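Just so it is clear, none of the values below were taken in a lab; they were calculated from the coordinates. This is a predicted model, so every value here is computed, not measured. All Cβ positions, glycine included, derive from the backbone under ideal geometry; neighbour counts span all protein chains shown.
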Amino acid sequence: MQRIRDNGLTIVLLLLFTGSIVGQWLTGWRVSVEDAGRHGEPALSLAAYTLSPEFLSSVFENWESEFLQMSAYVVLTAILVQRGSSESKDPDDPPRDEDLETQAMKPGAPAILRKGRLARALYARSLGIILALLFVLSFLMHWTQSARAAAKEAVAHGEVAPGVIAYLGDPQLWFESFQNWQSEFLSTAVLVVLSIFLRQRESPESKPVAAPHAQTGA
């Protein structure tokens, strides 16, 4: 039970993710079946829909925007501040991660910090790097699967199917991306500003309920 308690946040988020993506999968398949019926075409089986460009494109289109948001947020909060926000470091605090070579000797410090200057430099930025790579991989999947979906639709209408490279310049791809990116950046900015004035009891994403509005950081 203690292990469940200690990992409860991850467990619940993964359960919510699983339920959501299964819901997207099943309802998306039903939409696909209904569309095929309206056009007098054979419907995809559930297994075939799982590997279809329509489903994969929609999944990675959303993952792309989430990883972009998180990678940008992690990097920008290391550089920029918002006084009074629980989502910002305090501009008056001294640097936290100076002299990592010395800090690497502290009990419990990650062993990789003792592997040399390059290892320390990479590890010190590893969260932003991995999140950025996940964004790039998700964008590549969104792009290529959207190109496949566009090619199928073009062939169905007797048109010339665009190539994958050519589709990179298609406004549809960027419309799909920008409509998600703008909402991610807006929601993050709203959270940063609202956390100055509003509270959520016991949440590490909020300042203490009785903290003054000017206090920066959780």
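Can you match Cα Rg over 2.2 N^0.38 Å to one of these, (1) 1.33; (2) 1.47; (3) 1.20, based on a calculation from the structure here? Here the calculated entry is (1).
By the rule of a C-alpha distance below 17 Å, with chain neighbours fewer than 8 residues away ignored, the lysines paired with LYS106 are LYS115. Label-to-label distance for GLU202 and MET1 is 1.6 nm, based on points extended 7 Å past Cα in the beta-carbon direction.
Taking every C-alpha pair closer than 8 Å and separated by at least 6 residues, the mean separation divided by the residue count of the chain gives a relative contact order of 27 percent. Taking a straight Cα-Cα cut-off under 18 Å and skipping sequence neighbours fewer than 8 places away in the same chain, the aspartates and glutamates within cross-link reach of LYS89 are ASP97, GLU98, GLU205. Our estimate of slack between ALA109 and ASP170, defined as 0.36 nm per intervening residue step minus the Cα-Cα distance, is 17.2 nm. Under 12 Å of direct C-alpha separation, and excluding same-chain neighbours fewer than eight residues apart, LYS207 reaches these aspartates and glutamates: GLU87.
Mind running the shape call on region 1-75? Use the C-alpha gyration tensor, a ≥ b ≥ c as the square roots of the eigenvalues: rounded below 1.5 for a/c, prolate if a/b tops b/c, oblate otherwise.
Numbers: a/c = 4.19, a/b = 1.83, b/c = 2.28.
It comes out oblate by the Cα gyration axes.
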